[in-house]
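Since the structure comes first, as structure tokens, the remarks are kept for the end.
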Amino acid sequence: MATERTLSIIKPDAVAKNAVGAILKRFEDAGLRVVAAKMMHLSPEQAGGFYAVHKERPFYGELCQFMSSGPVLISVLEGENAISKNRELMGATDPKKAAPGTIRADFADSIDANAVHGSDGPETAAWEISFFFSQMEIASRPA
Ligand code: RTP
Ligand code: MG
């Protein structure tokens, strides 16, 4: 198994619900370690840059509006198979389809306000982490 890093965002709906601690606890309980974190209120342009991969999708405008509608907690999670482990903890994009006990099943309201983001693969994770964090802001323990 490989030690990986993934980018997590606790989205504006979950921050508004005061669920930051409850969601971080799920990551930690699953063996993931928070090695960088910051609270930001993104501008629509910053949200658009982060989600540029979805630029041609019909939901892009709404997604950028929603992601800039309030503060978010952006973090880097590190651990064994962190990328897929985080995706499992999150559950399906649409909370109606998310498995019981997943973050989205428990905290998300809709496919737009779906509580969390997580990188979907190693290249995406590397790009997303460098979008928000410099090397100096990531405090990993030595291996
Ligand atoms: P995320 O990137 O936020 O972790 O979510 P994801 O991989 O599960 O979903 P993705 O396909 O990457 O879509 C990014 C975000 O766009 C919103 N979305 N809305 N209305 C729709 O059909 C639709 N599809 C996606 C969701 O908020 C999703 O998290
Ligand atoms: Mg995605």
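Some observations on this one:
Here's the yes/no breakdown for (1) within 15 Å of ligand 1 (Cβ to nearest atom); (2) modelled with pLDDT of 95 or more; (3) touching an Asp or Glu at 6+ places or on another chain (Cβ under 7 Å):
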residue: A19; (1), (2), (3): no, yes, no
residue: I23; (1), (2), (3): yes, yes, no
residue: I74; (1), (2), (3): yes, yes, no
residue: A98; (1), (2), (3): yes, yes, no
residue: F107; (1), (2), (3): yes, yes, no
residue: A113; (1), (2), (3): yes, yes, yes
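- Which numbered condition N18 misses (of (1) of a type outside the set (D, E); (2) on the phi > 0 side of the Ramachandran plot; (3) open to solvent by less than 50 Å² (accessible area, probe 1.4 Å)): (3)
- Within segment 114-123, the set of residues being closer than 13 Å to I9 by Cβ and over 11 Å from the mean Cα position of the chain (by Cα) is empty.
The values are calculated or read from the model by the stated rules, or taken from the named source; none is laboratory data. Just so we're clear, the structure is a prediction, and the values are computed from it rather than from any experiment. Heads up, the Cβs are rebuilt from the backbone with ideal geometry, glycines too, and the neighbour counts pull from every protein chain shown. Keep in mind that these areas ignore ligands, DNA and RNA; they rest on the heavy atoms of the full protein, side chains included. Shrake-Rupley method; radii C 1.70, N 1.55, O 1.52, S 1.80 Å.
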